[in-house]
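Take a look at the structure set out below.
The values are calculated or read from the model by the stated rules, or taken from the named source; none is laboratory data. On a predicted model such as this, the values are computed, not experimentally measured, just so you know. Heads up, the Cβs are rebuilt from the backbone with ideal geometry, glycines too, and the neighbour counts pull from every protein chain shown.
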Amino acid sequence: MFGLVNDIKESDDFRTKLKLTEDEYAFYTALAENESAVREFGDDILCQISKRLITVIKENATIDWKIKTNVRAKMRIAVKRLLTEFGYPPDKAEKSSYIVIEQAETLAQFIDNEE
């Protein structure tokens, strides 16, 4: 149990050091699952992508996003476009983009529930 509490504290300290919100940090960790992205981009670029992803999600999350296929597709395209703009993932691993898109959909649901 102590190890888990310590891991959470270290994670929170790292998030604070990166100056990321909890939502931005969720994207950061999703992006950082790709080891080549961590090596090639480093924390600064991954943080920039994370912050931009939050903006993209907020711009594209609508009340009916999870009901209408075209609204959901628009959000996925916007996320993919942003990732492509940054050259993510550098190793072209499709799984990495999928993880980030799943995270975007999860955040969009959360935003939708707040409204």
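Out of all the residues in the range 49-64, which are under 13 Å from LEU82 (Cβ atoms), of a type in the set (S, T, N, Q) and in contact (Cβ under 8 Å) with a residue 40 or more places away in the chain?
Passing the criteria: only ASN60.
Scan the range 87-98 and give yes if some residue there is at positive phi, part of a loop (DSSP other than H, G, I, E, B) and more than 16 Å from the chain's Cα centre (by Cα), otherwise no. Write out each step before concluding.
Keep residues of the range 87-98 that are at positive phi, which gives 87, 92.
Restricting the remaining residues to those that are part of a loop (DSSP other than H, G, I, E, B) gives 87, 92.
When the remaining residues are screened for being more than 16 Å from the chain's Cα centre (by Cα), the result is 92.
So far as the range 87-98 goes, yes, one or more of its residues are at positive phi, part of a loop (DSSP other than H, G, I, E, B) and more than 16 Å from the chain's Cα centre (by Cα).
Determine if the range 35-42 includes at least one residue that is under 20 Å from LEU107 (Cα atoms) and either modelled with pLDDT of 90 or more or of a type outside the set (Asp, Glu) (or both). Break it down stepwise before answering.
Looking only at the range 35-42, we keep the residues that are under 20 Å from LEU107 (Cα atoms), and these are none.
Checked against the condition, which is being under 20 Å from LEU107 (Cα atoms) and either modelled with pLDDT of 90 or more or of a type outside the set (Asp, Glu) (or both), the range 35-42 yields no hits at all.
Condition first: exposed (fewer than 15 other Cβ atoms within 10 Å of the Cβ) and at pLDDT 90 or above. Now tell me which residues in the range 44-76 satisfy that.
ASP44, GLN48, THR55
What single numbered condition from (1) in contact with a Pro (Cβ under 6 Å, 6 or more places away or on another chain); (2) hydroxyl-bearing (Ser, Thr, Tyr); (3) without any contact (Cβ under 8 Å) to a residue 12 or more places away in the chain fails to hold for SER96?
(3)
What are the residues in the range 77-99 that are of a type in the set (S, T, N, Q) and surrounded by 17 or more Cβ atoms within 10 Å (Cβ to Cβ), if any?
SER96, SER97
Consider only pairs whose beta carbons are under 8 Å apart and that are at least six residues apart or on different chains; among these, list those whose first residue lies in the range 37-48 and is within 14 Å of LEU83 (Cα to Cα) and whose second residue is of a type in the set (D, E, K, R).
Qualifying pairs under 8 Å: ALA37/ASP91; CYS47/LYS19; CYS47/GLU24.
For THR21, state whether it is of a type outside the set (A, V, I, L, M), over 16 Å from SER97 (Cβ atoms), modelled with pLDDT of 90 or more and surrounded by 12 or more Cβ atoms within 10 Å (Cβ to Cβ). So that I can check it myself, show each step before the final result.
Details: of a type outside the set (A, V, I, L, M): yes; over 16 Å from SER97 (Cβ atoms): yes; modelled with pLDDT of 90 or more: yes; surrounded by 12 or more Cβ atoms within 10 Å (Cβ to Cβ): yes.
Considered against the rule, which asks whether it is of a type outside the set (A, V, I, L, M), over 16 Å from SER97 (Cβ atoms), modelled with pLDDT of 90 or more and surrounded by 12 or more Cβ atoms within 10 Å (Cβ to Cβ), THR21 comes out as yes.
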